[in-house]
Each structure stands twice: as C-alpha cells, then as structure tokens.
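The values are calculated or read from the model by the stated rules, or taken from the named source; none is laboratory data. What you see is a predicted model, and the numbers here were worked out from it, not measured in a lab. Please note: Cβ atoms are built from the backbone with ideal geometry, for glycine as well, and neighbour counts cover all protein chains shown.
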Amino acid sequence: MIKLIASDLDDTLLDRDGRISRENKEVIREAVARGIVFTIVTGRMFQSAVPFAQELGFGAEHPIICYNGAVIKRVSGETLYEDLLTPELARAVAEYGRQRGWTVNAYYDDELYVAEIDPWAEYYAAQAKVGITAVGDLVEFIEDGPKGLAKILIPGPPEDSRDRVAELRNLLGAQVEIACSKPEYIEITNTNTNKGRALLWLADFLGVRQEEILAIGDAANDVSMLKLAGVSVAVGNAAPQAKEAARYITSPSWEHGVARAITEFALAPEQ
C-alpha cells in the first residue's frame, strides 16, 4: 500500500507550459484525501516550489523537498532538514567558474545570487520565476560569513554540459554530488546529497517504509529516488537514465503522467 508519493516538478508534474493540469490536481487531491502524503521533490528553490504546493491546496505543515534534496521545508517555511555545501567547496566551484567564464548561481538562505546578471542568469530566473541579486565578487560573497550554500547551479549551452561536468568531477572528485536536471543545468550539492537520500529521510520522519513510497520523475537528478522507491515510475518524456532507473513508464507529463501513475499504483487497489 502506497503511503507517500514523491513527484518531481519540471517535465514531470508540470506540463509544457509549466502548469499543473486539472487531471493531475484532481488525482493528487484524491490521494491526499485518502491519507496518502504527496510531496514535491525538486531541484528548485523553496520560494520557486512552494506556489505549486499552495496551488494544490497543501497546508502549512506539508513538506517539500527542494534543492535536489539539500533542504526539506514545510509550506510554512519551517526547515525540517538541510545538508549544505561547505563554504570551502562552494568557494572552489565559484572560483573555478569565474576562471572559466561560466555563469554560477549560488543559493543562500533561499535567495539566488550571481556575480553579475548575464543572459544565462536571466534565463534561469525567468524559468524559476525568482528574483536574482548580483554581488560582484561571488567568491568574496561566499567567504563573508562564511556561507553554506544549499546548491550551486551552472547554466549554459547544453552541448557544453558534458565537458563541464567532467571538469567539475576532476576538480572536486567525490566531495560533491553533480546532476543535470535539464540539459542546460548542472546542479552541485554536498556529497551524498540527492533526492533519494532526502526522500528516505522524510519517509523515516513520517513513519513510512521504503516499499510504501511511489516516486515519479523524468531526469538524471531523479534517478536516486527512482532507484530506492518501492514503486518507481518515469514519465514518457523522461531522459534515458530515468527510464532505466524506473520500474514502470507512464504517459508524458503533458498527458497527465503523474495522475495516471497515482491512479494505477496508489489508488486502484482501493477502488
């Protein structure tokens, strides 16, 4: 019996226009009415994710997993869990990015900071619907505190991502987790910080067993949670890595894949 449903946002729960379909809303609300916990599990910032939780009618106590698992907050903003990048690692990434001329997004206290606002920073902020603050020297900004960051994201041309990931792995080794939520986004979190680990923490917090989890995703950063869930589903438009990690494949996000997965694997046994 499924007691916890975990769904990615972009290209999974959200359609091509970045919206939650009526069909998805109705099925999620039915699941919640039956006592099943539904949680958003996303690489997005909390401030970017919480409007969707509110749109679904979730109350202040409802949990959301953000920043690829680095932070779990309630809709109220209360922090339940966090695992931040150390200032030393964050500084190393920011310094390397500066040397290579990359755009580097730094996330501190649920705000987005960059050295300067360029087209890639503007593109990301527009997609996530968040504000952005330019600080001039990002390395100096991180050192002032010093600050632990929830995540660093490097946006850029999709064709450059593979080489950039290789460079970062060579620089940082196993000290960090590196994942791509979209071909143009490279996301860096603390070592062993990922959606799967955060989802397990939340399940334990809620008293839910691993086999009672339904996870739904589409991208490489969803693989960790798809591998651990009792029932794992990739939407039809998912990346190859996600499809390989999932036990089942459902409809694409724009054909209400989340609703179909929940209906089949969480609601049907009780109907």
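Checked against the criterion of being in contact with a strand residue (DSSP E or B) (Cβ under 8 Å, 6 or more places away or on another chain) and at positive phi, segment 185-198 has at least one qualifying residue. Of all residue pairs spaced 6 or more apart or on separate chains, those with beta-carbon atoms under 6 Å, a first member in segment 83-99 that is more than 14 Å from Leu153 (Cα to Cα) and a second member that is at pLDDT 95 or above and among the small types (Gly, Ala, Ser) are Asp83/Ala70. Just to be sure before I move on: is Ser161 polar (S, T, N, Q), within 29 Å of Thr263 (Cβ to Cβ), in contact (Cβ under 8 Å) with a residue 12 or more places away in the chain and surrounded by 18 or more Cβ atoms within 10 Å (Cβ to Cβ) in the structure I sent? The answer is no for Ser161. Hey, can you tell me all the residues within segment 242-271 that are in contact with a strand residue (DSSP E or B) (Cβ under 9 Å, 6 or more places away or on another chain) and either small (Gly, Ala, Ser) or at pLDDT below 95 (or both)? Across segment 242-271, the qualifying residues are Ala242, Ala245, Ala246, Ser253, Gly257, Ala261, Ala266. Set side by side, the residues Gly217, Gly173 differ, and just one is in the same structural domain as Ala239 (by TED's automatic domain parsing) and under 30 Å from Glu122 (Cα atoms), which is Gly217. Screening Tyr108 on (1) touching a residue at least 12 places away in the same chain (Cβ under 8 Å); (2) more than 18 Å from Glu140 (Cβ to Cβ) shows it passes everything except condition (2).
Residue count for segment 62-89 satisfying the condition of being in a loop (DSSP other than H, G, I, E, B) and either at pLDDT 95 or above or within 16 Å of Phe52 (Cβ to Cβ) (or both): 8.
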